[in-house]
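The values are calculated or read from the model by the stated rules, or taken from the named source; none is laboratory data. All values reported here derive from a predicted model rather than from experimental measurement. Virtual Cβ from ideal backbone geometry, glycine too; neighbours counted across all protein chains shown. Just the protein is used for accessible areas: all its heavy atoms, side chains included, with ligands, DNA and RNA removed. Shrake-Rupley method; radii C 1.70, N 1.55, O 1.52, S 1.80 Å.
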Amino acid sequence: MTMTDPIADLATRIRNALSIKRADVRIPHSNLKAGICEVLKREGYVRDFTVEPGDGFPVLKVALKYGPDGEQVLQSITRISTPGCRVYRGVQAHAPVLRGMGITVLTTAKGVLSDREARAQNVGGEALLEVY
């Protein structure tokens with residue numbers, strides 16, 4: 001069976017790992033998923049990520065981040081744009097998530113960026129994930 005939405009798979013694997021308090025999660029590698037993990041790291045939602053060799057294919061090992069009392073730093077990660085219904089946002093349409101407490105992950109002409117970075121660089125793109 002082939003995976004039709006690898007970005008939703010990434011979000012689901014992270015959600016499932018957080019629900020059972022895992023220290024890290026392994027996700028099949030792609031350049032887009034690595035870009036999303038880089039944005040999550042820059043914005044402080046995950047500790048780190050590395051690309052490791054797997055069984056014939058590389059995998060992303062994402063180190064999840066928890067607070068001092070074990071609370072989740074990443075509370076919610078949801079898919080916005082889907083393969084059947086793409087959602088594009090121009091520069092003016094980047095509304096802050098939870099009044100600036102969360103981010104939208106976008107794929108733009110300048111790479112994968114958070115909505116804050118996209119506003120700063122004055123670019124729009126496809127809204128992939130909403131994270132808070």
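Structure remark: mean-square fluctuation, Gaussian network model of the chain, C-alpha springs under 10 Å; the largest value among Ile103, Ile20, Ile77 belongs to Ile20. Once the mean of 1/r is taken over each pair of separate Cα atoms and inverted, the chain shows a Kirkwood hydrodynamic radius of 15.2 Å. About its Cα centre, the stretch 4-117 has a charge dipole of approximately 180 debye under the convention of +1 per Lys or Arg Cβ and -1 per Asp or Glu Cβ, with nothing else charged. Enter the Cα centre distance for the pair the stretch 89-132 and the stretch 17-66, rounded to the nearest angstrom. Cα centroid to Cα centroid, the span is 20 Å. Atom-type composition of the exposed protein surface of the stretch 25-109 places 54 percent of the accessible area on carbon and sulfur (1.4 angstrom probe).
Evaluate the relative contact order of the chain (contact order divided by residue number), counting alpha-carbon pairs under 8 angstrom at least 6 apart; express in whole percent.
For the chain, the relative contact order is 23 percent.
Only one residue of Ala8, Pro53, Gly67 has its Cα farthest out toward the positive end of the dipole of the chain, where Lys and Arg carry +1 and Asp and Glu -1 on Cβ, and that residue is Gly67. Taking a ≥ b ≥ c as the square roots of the Cα gyration tensor eigenvalues, the stretch 1-63 comes out rounded, since a/c falls below 1.5. Summing -39500 (n - 2.57) over the DSSP H runs of n ≥ 4 in the chain and dividing by its residue number, what mean residue ellipticity at 222 nm do you reach, to the nearest 500 deg cm²/dmol? After summing the helix terms and dividing by the residues of the chain, the value is -7500 deg cm²/dmol.
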